[in-house]
Amino acid sequence: MTATAENRAAAVAPADPMVPRPFRIVRRQRELSDTFTMELTAEDGQPFDFRPGQFNMLYAFGAGVSAISISGEKSSGRLLHTVRAVGTVTDRLQALRKGDVVGLRGPFGRPWPVDRARRRDVLIIAGGIGLAPLRPAIHHVLANRGDYGRVLILYGARTPDDILFPKDLKAWRSRFDVFVDVTVDRAAPGWAGKIGVVPDLIERAAFSAEDATAMVCGPEVMMLFTVRALLRAGMAEEDVYVSMERNMKCAVGFCGHCQFGGRFVCKDGPVFAYTDIAHHMTVREL
Amino acid sequence: MVEIDGLSKLLKEHPFFADWSDDYRDLLAGCAANHRFDANDYIAREGQPADKFFLVRHGTVVLEYPVPGREPVLLETLHEGGVFGWSWMIAPYRWAFDARATELVRAVSMDATCLRGKCDADHTLGYELFRQFIPIMARRLEATRLRLLDVYGSTR
């Protein structure tokens, strides 16, 4: 990340990062059987700025707080969060409806290196719900398409029914200046797309390995295999970025819940250059 | 001779043989045959003699496993530049799955009996062929393991 991007990211942090602001759910959309998107607007009417890849702490009052990546911006101040219901807090968030209020702290964390990637080929590689934190980066790259070389979006899901944002994928695929490839782990007869894993997509993708930046988000094992495939293709570790996930509580590096080796995922991540954490990714205790 | 020249050119265009010497490619072109399959044509059937392997030049092939009384299980898709069918290397030389074209497929087959004969006569050729196949087999195994992990499944 450039110093400019760092400064911008720091500049949008709230004055007291531990005080949640009330946000109202203005729209709620089911994405998958266990995944939904909430469109939020600030009750105080203040604008909300963020960088692609950052996350917020969302409060389901009475249940707790959970770190949720920002999955897009509908319009200025209207934030999108795509949530998978996998526990107490996210279950409660799933039960909320239009008009309900959540608490929000953020944005936090280091963003995707969209500035550093300028004038280079860009590989955006997602698995499962990992497409959600990458969607703002995709929006940014496509909104500034002329600043980048080849743009490739590679996505893997469990089954065809688990493909996130299918309309977005279709829209991106319909552009002539973006290469989109999707694969699933398993499918029933009738599926006309690819069956296989994300690293297979990398082998067939056309990009300049010496002059490319990769942004990878998905389950940690998927990212590990994906990074190996990128390195096999000739990419350097410092050009590969991954978004890590750990149990985040304070989001400002105080509580230590998300400690990852000598770093905190909330403060030093969630986006890391692979070269900075490569030696930690295979440590079982982490 | 003209036909073999054409097949040698097709082999050169495919990633599997792209880095091979012209001499070996010309030699192996004698084992090659050009194919075209329409959508839903079966290229191979599980249990049948594995007398060749295929290089996909165009189109998509799905590898599937037949399950009696149920729809087949789709295992993997292969595309332009892909290779399938290493049962010809492993006794008893029977296909381990069905291979079906899902659209128009153009492929080159390599005849197993012919290949074995050439490899027996020239062990360096056999070594090169195995050296080419083994990384592909390893990556397929790695991909299978990754799918077994079911990484996208719920963490509940």
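The values are calculated or read from the model by the stated rules, or taken from the named source; none is laboratory data. Please read all numbers here as calculations on a predicted model, not as lab measurements. Here Cβ is always computed from backbone atoms with ideal geometry, including for glycine, and neighbour counts include all displayed protein chains.
Computed quantities for the displayed model
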{"quantity": "Criterion (in a strand (DSSP E or B), within 14 Å of chain A (Cβ to nearest Cβ), among the small types (Gly, Ala, Ser) and closer than 30 Å to A:Val182 by Cβ) met by exactly one of B:Ala107, B:Ala138, B:Ala143, B:Ala99", "calculated": "B:Ala99"}
{"quantity": "Subset of segment B:77-102 (residues that are small (Gly, Ala, Ser) and closer than 23 Å to A:Ala205 by Cβ)", "calculated": "B:Gly81, B:Gly82"}
{"quantity": "Residue ranges of strands (runs of 3 or more DSSP E) in segment B:29-82 with at least 2 members among the hydrophobic types (A, V, I, L, M, F, W, C), under 23 Å from B:Ala143 (Cβ atoms) and in contact with a helix residue (DSSP H, G or I) (Cβ under 9 Å, 6 or more places away or on another chain)", "calculated": "B:52-58"}
{"quantity": "Within segment A:190-215, considering residues that are within 7 Å of another protein chain (Cβ to nearest Cβ) and β-branched (Val, Ile, Thr), the one farthest from B:Tyr152 (Cα to Cα)", "calculated": "A:Ile195"}
{"quantity": "Flag for A:Gly218 being farther than 28 Å from A:Lys74 by Cβ, within 12 Å of chain B (Cβ to nearest Cβ) and not charged (D, E, K, R)", "calculated": "no"}
{"quantity": "Flag for B:Leu125 being more than 30 Å from B:Ala39 (Cβ to Cβ) and touching a residue at least 40 places away in the same chain (Cβ under 8 Å)", "calculated": "yes"}
{"quantity": "Some residue of segment A:55-72 being touching a residue at least 60 places away in the same chain (Cβ under 8 Å), among the aromatic types (Phe, Trp, Tyr) and under 24 Å from A:Pro166 (Cβ atoms)", "calculated": "yes"}
{"quantity": "Members of segment B:25-69 found to be β-branched (Val, Ile, Thr), within 14 Å of chain A (Cβ to nearest Cβ) and within 13 Å of the chain's Cα centre (by Cα), listed by number", "calculated": "B:Val56, B:Thr60, B:Val61, B:Val62"}
{"quantity": "Unique match (being among the basic types (Lys, Arg), surrounded by 16 or more Cβ atoms within 10 Å (Cβ to Cβ) and either in the same structural domain as A:Glu73 (by TED's automatic domain parsing) or touching a strand residue (DSSP E or B) at 6+ places or on another chain (Cβ under 8 Å) (or both)) among A:Arg145, A:Arg158", "calculated": "A:Arg158"}
{"quantity": "Residues that are over 18 Å from the mean Cα position of the chain (by Cα), among the β-branched types (Val, Ile, Thr) and within 17 Å of A:Val227 (Cα to Cα), drawn from segment A:248-276", "calculated": "A:Thr275"}
{"quantity": "When residues of segment A:14-48 are limited to those that are surrounded by 15 or more Cβ atoms within 10 Å (Cβ to Cβ) and assigned to a loop (DSSP other than H, G, I, E, B), the one modelled with the lowest pLDDT", "calculated": "A:Pro14"}
{"quantity": "Subset of segment A:203-228 (residues that are at pLDDT below 95, within 30 Å of B:Ala101 (Cα to Cα) and within 20 Å of the chain's Cα centre (by Cα))", "calculated": "A:Met222, A:Phe225"}
{"quantity": "Scope segment B:77-107; condition under 16 Å from B:Trp20 (Cα atoms) and crowded, with 18+ Cβ neighbours inside 10 Å; matching residues", "calculated": "B:Val83"}
{"quantity": "Qualifying strands (runs of 3 or more DSSP E) (wholly inside segment A:196-286; at least 2 residues being crowded, with 22+ Cβ neighbours inside 10 Å)", "calculated": "A:212-217, A:240-243"}
{"quantity": "Test: residue in segment A:173-185 that is assigned to a loop (DSSP other than H, G, I, E, B), among the aromatic types (Phe, Trp, Tyr) and either under 30 Å from B:Leu148 (Cα atoms) or away from chain B (no Cβ under 14 Å) (or both)", "calculated": "yes"}
{"quantity": "Out of B:Leu125, B:Leu146, B:Leu141, B:Leu129, sole residue that is surrounded by 13 or more Cβ atoms within 10 Å (Cβ to Cβ) and out of contact with any Cys (no Cβ under 9 Å at 6 or more places or on another chain)", "calculated": "B:Leu146"}
{"quantity": "In segment A:115-130, residue nearest to the chain's Cα centre (by Cα) [restricted to those that are buried (at least 24 other Cβ atoms within 10 Å of the Cβ) and more than 18 Å from A:Ala229 (Cβ to Cβ)]", "calculated": "A:Ile129"}
